[in-house]
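Structure first, then comments.
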Amino acid sequence: MLKSTLIKTFSFLFILIHVLACQEEKKKPINFPPTNLAQESFMPKPLKIIPTHSAFALDRYTAIFTSENESEYEKVGQFLAKKIKAKIDVEIPVNSDAPEGTQRVIYINRSDSLEMESPEAYELYITQDTVILNSNTAEGAFRGIQTLRQIIPEASNDTLAEQRIWPIPSGKIIDNPNFAYRGSMLDVARHFFSVEDVKKYIDLLAYYKINVLHLHLTDDQGWRIEIKSWPKLTEIGGSTEVGGEAGGFFTQEDYKEIVAYAAERYMTIIPEVDMPGHTNAASVSYPFLNGNGKTPKLYEGTHVGFSTFNTRKDTVYAFIDDVVREISAITPGPYFHIGGDESHVTKKRDYIYFVERVEKIVQKHGKRMIGWDEVATADIDSTSIAQWWASEENAKKAVEKGMQLIVSPAKKAYLDMQYDTLSKHGLHWAAYIPVDTAYVWNPDTYGGIPKENILGVEAPLWSETISNIDELEYLAFPRVLGYSELSWSTEENRDWEDYKVRLANQAPFLDRMDVKYYPSPLIDWKKSKYTYEEIEKD
Ligand code: TNX
């Protein structure tokens, strides 16, 4: 093992020396206009940026090398090559013998000597001849290549040389996330979204270094994940959605495909089965589960808080055991979200009994329980996590229990809140959240929760008012970029005026990805396809 690593390292050095030697012979100095790495539109903003005012000339004579062929690092290199090809239509070889004429190298390197030890830390050194990306782990390298992607110009600079080059500003970046958990949630229960839609969302989130996607898989209106031991959940419970359309569900194979797609982007999928409330679709499928005393019928409206499981029947817990077991078996991430919100027709003592019993089931299947902040009213373990969406009192209870919190205050972080009174989609029960309100707050100190109790930030997207990917994008973009920065960047590096400009410069990327973002009039969008006036006219 050690021997092969040494051989690889030496062969890499050999190639590098060879490439650099060839370069010396051929080097025609290119006079770049001065660059300023610190002024680039990074999103989220890196921890430290030190510009050196020159540039690395990316072109078809560039090659990528990574430490450890065939490894996770090589996959990161290939991911970068694929994205370079998609952006500027240049094929860059990865770990192949330096091709004829190779002049410059991007090296993605595992390093044990970074200033920061977090697995997602990376350092990027950009000089005229080489780009060196150092990280402790492939995950860190993956975050680092997102940064690099963001500074590859959209257009080449043909005036500088005979061949087309894409100058990347030179300098050094040292980066590391403020919070380890940076998430978004997608509600696929109120309206169902396809595997393709979810993959597109994942791909966009990964570009902005978000590393968690929480899937709200079940609710009153629909059950969206195949459970082999209880097939009616999807046959009946998945057959409709808000507004009465056909609904749908993920087979376990579909779900695995989503998990694998996310894993390739170092993103964790968190499955949520919401209970004991929000369970009408399950109870229609299997009426013995029902505890609200009524005969459950399929529900296509948007009210909340009317359903509950029967919390005093052992058969209900046997059912939950099957559901948690089957989903946990296809979920590599460490978490299982049990919902637990708005159980308005569950008696308080029944609710507490239920949460405590379900926590044990989740633990038995090897997962860490997450629940909406109400779960902190039960006597649960400090290893469980509360997602703070509404109640400061519950958040404080969670802290008293030594639990960690995911910060998702509806007033600040709900992607389904309307931007303003003119917004085409969304609700406003918590607030109107324009793009500045979404960004100008501080999760590090929100509600006085000690920072060591904060696992991170998550922006939930509930889908009562959105039924397709365009509408999803309208609510999520651009606000989700702000949540990425609130969870990745430090407070000292966050500034609305500076953010506004960097956000405006995301337009070419979002357009190229065909994202139907909301072109907020607060932002001076860089040549956006959609103007505010046009979208409001639709
Ligand atoms: C509250 S947030 C809910 C959801 C709704 C959402 C709409 C939470 C834990 N529960 O059931 O979809 O508001 O904004």
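Taken together, the values in this text are just the output of simple stated rules run on the coordinates, not laboratory data. Remember, it's a predicted structure, so these values are computed and weren't measured experimentally. Backbone-built Cβ (ideal geometry, glycine too); neighbour counts: all protein chains shown.
A few points about this structure:
- Taking amide hydrogens as placed 1.01 Å from N in the peptide plane, the amide H of Ile370 sits under 5 Å from those of Phe336, His337, Ile338, Ile385, each at least 5 positions away in sequence or on another chain.
- Distance in nm between pseudo-label sites at Ser229 and Thr315 (7 Å out along the Cβ direction from Cα): 1.5
- For the chain, share of DSSP beta bridges that run antiparallel, in % to the nearest 5: 30
- Using the average count of surrounding beta-carbon atoms within 10 Å as a protection proxy, the listed peptides 326-333, 387-394 rank, highest first, as 387-394, 326-333.
- FRET efficiency, 1/(1 + (r/R0)^6) with R0 51 Å, evaluated for His53 and Lys364 via beta carbons: 0.30
- Efficiency of FRET from Cβ geometry, Lys348 and Lys401, R₀ 22 Å, rounded to 0.05: 0.80
- Charge sum, other residues only, whose C-beta stays under 9 Å from Arg512's C-beta, Lys/Arg counted +1 and Asp/Glu -1: -2
- Cut-off 10 Å between beta-carbons: net charge of the residues surrounding Asn211, Lys and Arg +1, Asp and Glu -1: +2
- Computed extension length for Thr421-Asp498: 25.1 nm, one decimal, from 0.36 nm per residue of separation with the Cα-Cα distance subtracted.
- Protection proxy ranking of 94-107, 117-130 - average other beta-carbon atoms within 10 Å, highest first: 117-130, 94-107
- Here the relative contact order of the chain, from alpha carbon pairs under 8 Å that lie six or more residues apart, stands at 12 percent.
- Angle between the chain longest axis and helix 138-150 axis [Cα atoms, degrees, rounded to 10]: 70
- Ellipticity estimate at 222 nm from DSSP helix runs (n ≥ 4, -39,500 (n - 2.57)) divided over the chain, nearest 500: -10000 deg cm²/dmol
- Residue-wise HN-Hα coupling along segment 338-355, computed from phi with Karplus coefficients 6.51, -1.76, 1.60 (Hz; x: Gly, Pro): 9, x, x, 8, 6, 8, 5, 9, 9, 4, 3, 5, 5, 4, 5, 4, 5, 4
- Each of Lys199 and Arg512 was given a label point 7 Å from its Cα along the Cα-to-Cβ line. The distance between the two points is 2.0 nm.
- Neighbours of Gln252 by Cβ distance under 11 Å: Lys/Arg scored +1, Asp/Glu scored -1, total -3.
- Fully extended contour minus Cα-Cα distance, from Asp524 to Ala86, at 0.36 nm per residue: 155.1 nm
- Helix axis angle, 252-264 relative to the chain longest principal axis, alpha carbon, degrees: 40
- Between helix 195-207 and the chain: long-axis angle, C-alpha atoms, 0 to 90°, nearest 10: 50
- Cα-based Rg of segment 144-216 normalised by 2.2 N^0.38 Å, two decimals: 1.58
- Normalised by the number of residues in segment 181-496, the average gap of Cα pairs under 8 Å and 6 or more apart makes the relative contact order 17 percent.
- Normalised per residue, the volume of the convex hull around the Cα set of the chain (Å³): 150
- Using Cβ point charges alone (K and R +1, D and E -1), the dipole size of the chain about the Cα centre works out to roughly 540 debye.
- Spacing of the two label points (7 Å from each Cα toward its C-beta) at Asp436 and Ser382, in nm: 4.3
- FRET efficiency estimate (nearest 0.05) - Cβ-Cβ, Phe288 to Asn31, R0 51 angstrom: 0.10
- Among 517-526, 137-146, 284-293, sorting by the average number of other beta carbon atoms lying within 10 angstrom of each residue, highest first, gives 137-146, 517-526, 284-293.
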